[in-house]
Amino acid sequence: MTVRIVTAPRASHLIHAIVAGQISRRPECRHWLVPANACDAVYLSLMSAGASFDVVDISPDNYCLDVDQAIAKLSSGRPHAGLIYIHGYGASGSAASDIGRLREAAGSQTVIIDDRCLCSPAVDPEPAGVGQADAIVYSTGYGKVLDLGRGGHAFVREQLTLQSAAGVFDPGAEAGLIEALRTEVDPDSQLQAGNDRQVSDWLASWLPIASGPVWKTLRRDVEQALPEVLDHKRRLNEVYSAQLPAQIVLPGAEHLWRYNIRVPDRDRLLEKVFEAGLFASAHFRSFRSHRDARRCPVAHEVQCSTVNLFNDKNFSLDQAARVSEIVVEHLAHASAG
């Protein structure tokens, strides 16, 4: 299988380019399947390319797309342009077998994007190329496993059509996209037009795919920085694993992006962490979880109880130990109450 490497300023640009490319090839078919725990950048990429989408709940086993539900939708008779398989929480799980089943159900015309933006970035295609997928996408942008502050890259099938974002995206449509996001995904979204860290960074500065970082340079930067980053994460994760009860740790997650735990009264725990001058985060909200949890109950339940403990270069071993103590104390109070 011939695989090419494509780079862009952000991984979401690559998703947009793939989606827009399929619409240019098959304009009558623009409907996609997306897991319910995707981030806003994925939904915005689809909407800005002119695609429609339906959401699928996640599996309780690996926090990725629920394959059985996805296959049911693929078999419904409605044509699907593609689907995005996202490695939720950075977990790899049974991705190869899952994508194999999805390919069998979807057929060769449906594009499958293997979104590994929360995984450790690979610089070489796997022996099987992209496997049963059409593209494997990685990110080295803000807040990812390796945060270079820029860059997304993808291994794509040679014949896959990509359309440069600059050719299809109107920066003036930003406000309209945010409104569509609030209507279709999250009415309480805090995204604002012109906010550099949020939508403008994703959409208003879209550039041609060719303007992405030169692959030789990006590859060198990944290879130089990644070993130290992973070693620091390993040491922080050892602190968390030693101090926290195993039953609260998300099973199956590799914890390279964040160290993920599930706790009762999540918001109160976060308050305690912040009050101590430390940091942790809630996971981004699941699709319409505030509105209709019945549609995607697993994604809703996992999101509402998950805390992401930091394990990046800006967090020290001492901070990890202190956060762990707060978590243990919080669990003790919760069980006593």
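The values are calculated or read from the model by the stated rules, or taken from the named source; none is laboratory data. Note that the structure is a prediction, hence the values are computed from the model and not measured. Using ideal geometry, Cβ is built from the backbone for each residue, glycine included, and neighbour counts are taken over all protein chains shown. With ligands, DNA and RNA removed, areas are computed over all heavy atoms of the protein, side chains included. Shrake-Rupley method; radii C 1.70, N 1.55, O 1.52, S 1.80 Å.
Below are the figures for this structure:
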item	result
Förster-model FRET efficiency, 22 Å R0, A336 and F279, C-beta, rounded to 0.05	0.25
Pairwise label distance in nanometres, R101 with S76, each label 7 Å out on the Cα-Cβ vector	1.9 nm
Relative contact order (%) - criterion: Cα under 8 Å, at least six apart; region: the stretch 51-157	21 percent
Approximate spin-label separation E325-R26, in nm, with each point projected 7 Å along Cα-to-Cβ	5.8 nm
Average accessible area per residue (Å²) across the stretch 1-144 - probe 1.4 Å, nucleic acids and ligands excluded	32 Å²
Estimated FRET transfer efficiency when R0 is 30 angstrom, pair E271-R295 (beta carbons, to 0.05)	0.55
Under 20 Å from the Cα of K313 - lysines, other chains or at least 8 residues apart	K144, K233
Orientation-averaged projected area, Cα convex hull of the stretch 79-151 (nm²)	5.2 nm²
